[in-house]
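Asker: Dropping the structure in here first, questions after.
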Amino acid sequence: MHDLTGFQRDLLYVIAGSDEPHGLAIKDDLEDYYEKEVHHGRLYPNLDTLVEKGLVEKGTQDRRTNYYTLTQRGQREIDARTEWEAQYVDRDETHPAHV
């Protein structure tokens, strides 16, 4: 996941947290988070990149609508990222965070 942009990582998390979301649902969730518009020209090329990297699978819901799901590799990448983040943010009293 080290070679993904922050936006691409956010796409992975949104897809992981939804049941086969379509592009506009992903877009809506990101716009809620970012509190600004996410343009199609940014969304779909980044989704395609995640598909090309084998992290996301794209399926067809109907003629005009695609849906997205995480691959096993995509889930492993999220799990590894979560584990990596935890070593920095999930500190208890015996391991105080550096100030």
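The values are calculated or read from the model by the stated rules, or taken from the named source; none is laboratory data. A quick note: this is a predicted structure, and the numbers were derived from the prediction, not measured. A quick note on method: Cβ atoms are made from the backbone with ideal geometry, for glycine too, and the neighbour counts reach across all protein chains shown. These area figures cover heavy atoms from the full protein model, side chains too; ligands, DNA and RNA do not enter into them. Shrake-Rupley method; radii C 1.70, N 1.55, O 1.52, S 1.80 Å.
Asker: How large is the direction-averaged shadow of the alpha-carbon convex hull of the chain, in nm²?
Answerer: Averaging across all directions leaves 7.9 nm² for the Cα convex hull.
Asker: Picking from L70, L30, L11, which is most flexible by a Gaussian network model of the chain using Cα springs under 10 Å?
Answerer: Among L70, L30, L11, the largest GNM mean-square fluctuation belongs to L30.
Asker: Across the chain, where is the longest run that never hits GluC sites (Glu not before Pro) in a DSSP loop with at most 11 other C-beta atoms within 10 Å? Don't skip to the answer; put the middle values down first.
Answerer: On the way: sites that count: E35, E37, E93.
It runs 38-92.
Asker: Same structure again: Expressed in nm to one decimal, what extension gain is obtained for the pair T71 and Y33 from 0.36 nm per residue of sequence separation less their Cα-Cα distance?
Answerer: The span from T71 to Y33 would gain 11.3 nm if fully extended.
Asker: Could you tell me what percent of the accessible area of segment 1-91 is made up of carbon and sulfur, with a 1.4 Å probe and every protein chain present?
Answerer: On the way: 2600 of 6040 Å².
Summing carbon and sulfur atoms, their accessible area is 43 percent of the total for segment 1-91.
Asker: If you roll a 1.4 Å probe over the heavy atoms of the protein chains, what accessible area per residue do you get for the chain, in Å²? List each step's numbers first, then the result.
Answerer: Details: 7030 Å² over 99 residues.
Ligands and nucleic acids excluded, the result is 71 Å² per residue.
Asker: Starting from the Cα of K53, draw a straight line to each of the aspartates and glutamates and keep only those under 14 Å, dropping any in the same chain fewer than 8 residues away.
Answerer: Answer for K53, where 14 Å is the Cα cut-off: D3, E77, listed by chain and number.
Asker: Scaled to the compact-protein estimate 2.2 N^0.38 Å, what is the alpha-carbon radius of gyration of segment 1-53, rounded to two decimal places? Could the numbers behind the result be given before it?
Answerer: Numbers: Rg = 10.3 Å, N = 53, 2.2 N^0.38 = 9.9 Å.
Dividing the Cα radius of gyration by 2.2 N^0.38 Å gives 1.04.
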